[in-house]
Amino acid sequence: MGRGRKGSGVEPLKSCIRVRIYRQGERRTVTLDLKPTVANIRATERLMARVRQEIELGIFDFAATFPDAETRDQDAVSITGFATFARRWLNSMVLEKSTYSDYRGAIENLWIPKFGEAPLDAIKPSQIREVNIARLATVCPKTVNHNLIPLRGIFNAALDDELIERSPMANVRNLKFQKARPDPFDREEMETIIGFMADRYPEQVANFYEFAFGTGMRPSEEIAMAWGDIDWKRQSVRIRRARVRHVIKSTKTNRERDIDLTDRMIAVLKRQKAHSFMRGLDTPVFLNPASGTPWPDVQDQRKLYFHPALKRLGLRSRDAYQTRHTYATLALMSGVNPAYISRQLGHTTTAMLFSTYSRWIDGGDDGREARKMNAAFSRPESEFAHISPTAERRSISQRAGAAIDFNGLEQVSTAPAQLSLVTPTGIEPVFSP
């Protein structure tokens, strides 16, 4: 038995072929008295291609195309309107609260105002692209792409329910955008920020950000960290959860991990004990100093403390997530093993670390590799001071064992170069006071 191509509207059955026709918000199913051979399936696909073209042109005549369909034709089924189906799809999804809120915002504020209760099969890719282009006047391409995620889900569900023959999202591509590079603080800036907060803000605030710089934890993980997660004997903390928009959820990678703590970070936790430890092991380590309650989200402390501190210090405005990038870059530039740093950060592979922080990995050699290259390609001025450039090149080539042809073109020497390899130490990062 053959098989109809996806999106062709042709469905081979055991002893016949069934076609689906979508027109003017209705779906009609017609069973053709044809054996499902490869030839019959291909012929039916050509027929349906013509049907779709006639529907687009507004000249399709159902009775003329399927004159005998009345005895085998199922009742026409009205296709659900976009708004009704979109809300039904959203309510059927199991999502994190933050994701549900984002999807609902895109559906209710963007897509339903645009399409309303239009039949699902009447929505065209060009209409979606028009919305994307208009949105670029007010939001970045990354936001436009995020708004397309629930729309794809809606039309994929409609395909699964056989409400539409093809998805208008099939040829709608995400917009390209330039990914922001990490913008970490250097060591001096980090210490300046911590010192400023210790002098001007409540101790809990300074403790929070010093711990953020020294562990590389995601801010959402840090506000959810409880005293019961601390292993004082092994000097580590187990990252089990995150808090986003008032709700406790799993970590970004849906995996637990252990983070080693330096002596400086243990000292931070000992100072923080006075503020929240006696409330119990399930209590978050860091609390809002104004209310004594857990931070509901990562935005409040940024607005109240972090951004004002940068402004007062005259430092370039950056998101507080850069504390995580600062941890990674300072560790790399100190020569710490990249695999160890990757585990600390919670990356599933080291590929993420290398792709994100490659420039700091290169900078972690303190210029050693650059000095090697400089020595390899420097001119020996003393030996060739009185020799013409052409003669000098010829002499160098001959000394290296290379042959020179009569056109003056040098051939690369086959003698192997002697390289000295330096074995990584794997030393853990230490943030001294």
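The values are calculated or read from the model by the stated rules, or taken from the named source; none is laboratory data. Since we're looking at a predicted model, the values are computed, not measured. Glycine gets a Cβ as well: all are built from the backbone with ideal geometry, and neighbour counts include every protein chain shown.
List of remarks:
- Region 19-56, residues that are among the basic types (Lys, Arg) and either in the same structural domain as PRO119 (by TED's automatic domain parsing) or at pLDDT 85 or above (or both): LYS35, ARG42, ARG46, ARG50
- Test: LEU13 is under 16 Å from PHE62 (Cα atoms), at pLDDT 85 or above and not polar (S, T, N, Q): no
- Candidate set from region 264-278 (those that are in contact (Cβ under 8 Å) with a residue 24 or more places away in the chain and among the charged types (D, E, K, R)); member that is farthest from PHE211 (Cα to Cα): ARG271
- Among residues of region 111-124 that are modelled with pLDDT of 90 or more, none has a beta-carbon under 8 Å from a residue that is surrounded by 20 or more Cβ atoms within 10 Å (Cβ to Cβ) and among the acidic types (Asp, Glu) at least six positions away or on a different chain.
- The residues of region 95-135 that are assigned to a loop (DSSP other than H, G, I, E, B) and in contact with a helix residue (DSSP H, G or I) (Cβ under 9 Å, 6 or more places away or on another chain), listed by number, are LEU95, GLY116, GLU117, ALA118, ILE123.
- Criterion violated by ALA83 - all others in (1) at pLDDT 90 or above; (2) more than 15 Å from GLY153 (Cα to Cα); (3) of a type in the set (A, V, I, L, M, F, W, C) satisfied: (2)
- Test set (1) in contact (Cβ under 8 Å) with a residue 60 or more places away in the chain; (2) surrounded by 15 or more Cβ atoms within 10 Å (Cβ to Cβ); (3) assigned to a loop (DSSP other than H, G, I, E, B) - GLU162 fails condition number: (2)
Per-residue answers, yes or no, for (1) among the charged types (D, E, K, R); (2) within 25 Å of ILE55 (Cβ to Cβ):
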| site | (1), (2) |
| --- | --- |
| SER98 | no, no |
| LEU110 | no, no |
| ILE128 | no, yes |
| GLU165 | yes, yes |
| GLU189 | yes, no |
| THR192 | no, no |
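- Unmet criterion (only one of (1) out of contact with any Ser or Thr (no Cβ under 7 Å at 6 or more places or on another chain); (2) of a type outside the set (Gly, Ala, Ser); (3) buried (at least 17 other Cβ atoms within 10 Å of the Cβ); (4) part of a loop (DSSP other than H, G, I, E, B)) for THR138: (3)
- Qualifying residue in region 228-247 (condition: surrounded by 17 or more Cβ atoms within 10 Å (Cβ to Cβ), out of contact with any helix residue (DSSP H, G or I) (no Cβ under 8 Å at 6 or more places or on another chain) and of a type outside the set (Gly, Ala, Ser)): yes
- Failed condition for ARG173, given (1) more than 25 Å from the chain's Cα centre (by Cα); (2) not in a helix (DSSP H, G or I): (1)
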